[in-house]
Structures are given as C-alpha cells and as structure tokens.
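Enquirer: One structure, pasted below without further comment.
The values are calculated or read from the model by the stated rules, or taken from the named source; none is laboratory data. In this text the structure is predicted, and so the values were computed from the model without any measurement. Neighbour counts are summed over all protein chains in view; Cβ atoms, including those assigned to glycine, are modelled from backbone coordinates with ideal geometry. To get the accessible areas, we keep the full protein, side chains included, count just its heavy atoms, and leave off ligands, DNA and RNA. Shrake-Rupley method; radii C 1.70, N 1.55, O 1.52, S 1.80 Å.
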Amino acid sequence: MSEQKPSSTDPSRRRFLQTTTAAAIVGGVSALATPRTVHAAGSDTLKVALIGCGGRGSGAAVNAMKADKNVKLTVMADAFSDRIESAKKNLSRSIADQMDVPAERCFAGFDAYKQVMETDVDVVLLTTPPHFRPVQLEAAIAAGKHVFCEKPVAVDGPGVRSVLETSRKAKDKGLSLVSGLCWRYDLGVQETMARIKDGAIGDITAIQENYLTGALWHRGDKPEWSQMEYQVRNWLYYTWLSGDHIVEQHIHSLDKALWLNDDVLPTRCVGLGGRQVRTDKMWGNVFDHFAVCYEWDSGVKTFSYTRQMPGCMNNVEDYVLGTKGSAKVLAHQISGKDEWKYSGPKPSMYDVEHVELFKSIRNGQPINNGEYMSYSTLMAIMGREACYTGQSISSEEMLNSTTQLGPQTYEWGDVASPEVAVPGVTKLAQG
C-alpha cells in the first residue's frame, strides 16, 4: 500500500478534541434544549416531517425528538395510511409532548412526499424504501428542507448520480444533509478509525467485512392486496425497492471499508452469490448470500461477506489487517505493538447523528454527508451486480450505468414480478 496519509492534527491533540467532543455529545440532548441561535424560519422550534412510517422511521422520529427538546414532529407521510396510524399510535406513547400531527398533516400514497414539501417543516426524515430516496431527497432540497436521509440512498447508478447532484445543491443552499450510515457517528468507531489512520496498525493491507445474520421480517399477503401493494409492503425482497440486502443492510460494513480507504471508490470488484434458502416466490428476487472482493488502485483489497439465513452462525465485524497489527472496528480494539481498546463514552449512535444534525442547523454550520453516502451505496450496487452477472464490475461503469430499476409508473395494480438473477446468464444492462 502507498504511504499512509498524515493525520490532520497531531494524535494527542486529536484525541483531546475527540474526548471533549464526546463529552459534549453525551450531554448534547440537554444542551440542545436551549438553542444557541434562532434558525432561519424565525422560531426556536424546529418542525420535523417523517416520510416513511415503518419501524426505522418511527425509530428515527424518536431519536430526533430526544436529540433536541425544541423539536416537534408535525407532519407524517407514507405510501399506506394504516402505517401512518400505527406509527402515530406507537409514537404517542414515547414522544407525545413533541407531537402535533393532526389528520390534515398526514399524507398517504406514492405522491405523499410532494404534499410534505408544501408544509412549513424545517427538517425531513427520509426513511422510505431506498428506491424512492433519490426523488424524495431531490424534492426536499429543492423545497429548502434540511434532511436526515436513511441508507442506502439509491438502488441503481442513475439514482446515485441523482443523489450526488442533489447533495451538491444542498451544499450550495447551506442545507444540512445527514446520512443514516450510523457507524460514522459512533464515538468508539470514530476513535478506532482515527487510530488506524494515524498508523496504529501500520499500512492497511487487507480488510474483511462480515455481515452474517439471520432472517428478517415478511409482511405476508392478503387477498385484497394488488401485486404492487404486496411488493411495496414486502420491499426488502425486491431488488428494485431495496437494492437487495447487500445494498440495504451490508452497506454499513462496506461504508467502513470505504472510510478506511479515505472515501475513495474501489476500481472494481468480482463476487459470487445466490439463493439457497429463499427459494419460494414469496422472497421476491433477492439473494440470501453474497461474497465480494473489492480492489483499490493502492493494492488494498476488501473481502466482503453477507448472509441472511436462519440457523447459521452470525458475525458482524470489520477486520482490518496492517503491516504492524490488526483491528476489530466494532469491538473498538487494536492488536499488535500498540495494543488498545476504547473505554470512552458510548451514547447511542442513532441519537448522536440527530444531535449533530440539529446542532448544525442551529449553529449555521451545515453538515453534508452526501458524497460518502452515495459512494457507499454505489460500492454496494457494484457488488450486487458483480454477483448477479458473475462478471467483474468497475465503479466507473456502475456509476455511468443508465439502467433504472422499477416500473415506469406507480399505481396500485398489477406489476411484473422481477426474475431472479442467474450468474453467467444475467447481463449488466446499460440502457
């Protein structure tokens, strides 16, 4: 590997700053209850809209309310009205004093996000299925809203290009755009990454990313559901909606590999994958396992493994090998000549990302995570396509791909059931 880049600050000063920052974040919820400045709308209270009222969306709403006591949830939207009502009921048990969401500010349907943008909310939480994220993010930034955007940010190359362009517009407008790649906001992970980059394990030679886990939820089926409704309600199992689990879930691991490589995209990748357990049509067209090798110009390789199968050994960890030692990122541990284990504060990373979002708005110092969240998404899409086709895929051809996944229009009716990819037969479509 090429020579390690020097740290932007000397290690002792950097760790002092991180310690003081950690203390500020741990006390951030109470500290932000009295805002330092008035935001642009002229009120101390920031109004928040939730678009996507599933479990992750409801969780994000709670995290947002905990992060700043002068924040209020005032608008909710989802493809399905029953999901809105269920989320409202659940949220009223935990954040009732920070909720003001009357029926007239609840919007359902594929175009519900457009109605949200016409309201006076300051911040939008985007937690819908990934397919819809590029167009919804574009609308939010165009409307002048600050955004918390869940991962991944797209399911195809055109979607990633759209998000990159929207991110640039957010920067030009001075709007904050915070990503749901939550490990970037975990204090222990931050410190571990900083030490690795400071040379604690020497030059990085290889990375192994494991996201080996069990099965996830399935919403079942009902006679009154159209095929479109069935797919959207069970969006995890359709590549056009979720990107497949290498994109929807394993992106957390791949993002850390990108981070370790200074947020530079790998040049290409090759992999294998398939369906051994998800053989029934109820599982849509996604795979249940992937193994991908990513290569960088520096010579570093990342060996990436992800699996969603019940009854198997689970392991979620980032293993980093260097010329002078090794590290386990999620264990916050470094082995070798400079043995170390993180022992600092451990606030919830889900809370911290929202603390930082609202702090940036109130301080007038916007955060923009747009580039790395787009590159991590593209990295995951590359891996998927390498496994779907059985071919070597470059980041350049993936970013420039014109293939858009999903139907041309969104209607509650019949929609084609996508075919399962067959490596060696499935082609990387370019148009």
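Enquirer: When the chain is treated as a GNM, springs tying every alpha-carbon pair under 10 Å, which of Pro134, Pro310, Pro223 comes out with the largest mean-square fluctuation?
Expert: Pro223
Enquirer: Could you quote the convex hull projected area for region 46-183, Cα atoms only and averaged over all directions, in nm²?
Expert: Orientation-averaged projected area of the Cα hull: 7.7 nm².
Enquirer: Further question: In the neighborhood of Tyr388, defined by Cβ-to-Cβ distances under 11 Å, what is the net charge if each Lys or Arg adds +1 and each Asp or Glu adds -1?
Expert: Counting the neighbours of Tyr388, the net charge comes to -1.
Enquirer: If I take R0 = 45 Å and measure r between the Cβ atoms of Glu118 and Lys427 in this structure, what FRET efficiency does the formula 1/(1 + (r/R0)^6) give, to the nearest 0.05?
Expert: Details: r = 42 Å, r/R0 = 0.94.
Once rounded, the FRET efficiency stands at 0.60.
Enquirer: Got a sec? Charge dipole of the chain, +1 on Cβ for Lys and Arg, -1 for Asp and Glu; which of Ser376, Pro418, Phe80 is way out at the positive end?
Expert: Checked the options; the winner is Ser376.
Enquirer: Moving on to the next point. For the chain, modelled as a GNM with alpha-carbon contacts under 10 angstrom, which of Gln365, Gln308, Gln98 fluctuates the most?
Expert: Comparing Gln365, Gln308, Gln98 in the GNM, the peak value goes to Gln365.
Enquirer: Pop a pseudo-label 7 angstrom from the Cα along the beta-carbon direction at both Asp203 and Ser226 and give the gap in nm to one decimal.
Expert: Taking the simple label geometry, Asp203 and Ser226 are separated by 5.8 nm.
Enquirer: Accessible area per residue for region 46-183 in Å², computed with a 1.4 Å probe and the full protein assembly in place, what is it?
Expert: Details: 4670 Å² over 138 residues.
The answer is 34 Å² per residue.
Enquirer: Hey, another quick one. Kirkwood hydrodynamic radius, the chain, all distinct C-alpha pairs: what's the number in Å?
Expert: So the Kirkwood estimate lands at 22.4 Å.
Enquirer: Counting only helical runs of four or more DSSP H residues, what would the 222 nm mean residue ellipticity of the chain come to if each run contributes -39,500 (n - 2.57) and the total is spread over all its residues?
Expert: On the way: 15 runs with 153 residues, N = 431.
Computed ellipticity for the chain at 222 nm equals -10500 deg cm²/dmol.
Enquirer: Go through Asp221, Asp255 and list them by solvent-accessible area, largest first, probe radius 1.4 Å.
Expert: Numbers: Asp221 105, Asp255 5 Å².
Per-residue accessible area, sorted high to low, gives Asp221, Asp255.
Enquirer: Okay, moving on. What part of the accessible area of region 46-183, given as a whole %, is carbon or sulfur when the probe is 1.4 angstrom?
Expert: Working: 2210 of 4670 Å².
So the carbon and sulfur contribution to the accessible surface is 47 percent.
Enquirer: Just to verify a number: what accessible area does Met117 come out at with the full protein assembly present, 1.4 Å probe, Å² rounded to tens?
Expert: 30
Enquirer: May I ask you to list the lysines whose Cα is less than 18 Å away from that of Lys281, ignoring any residue fewer than eight positions away on the same chain?
Expert: Counting by Cα, and skipping residues close in sequence, Lys281 has these lysines nearby: Lys222.
Enquirer: Sticking with this one: Quick one: if the Förster radius is 35 Å, what FRET efficiency do Lys281 and Lys341 give, using the C-beta to C-beta distance and rounding to 0.05?
Expert: Given R0 = 35 Å and the Cβ-Cβ separation, E is 0.15.
Enquirer: Let me ask something additional. Using only alpha carbon pairs under 8 Å that are at least six residues apart, calculate the relative contact order of region 55-158 and give it in whole percent.
Expert: Relative contact order here is 25 percent.
Enquirer: Still on this structure, I have one more. To the nearest 10 Å², what's Lys169's accessible area with a 1.4 Å probe?
Expert: Probe radius 1.4 Å; accessible area of Lys169 about 90 Å².
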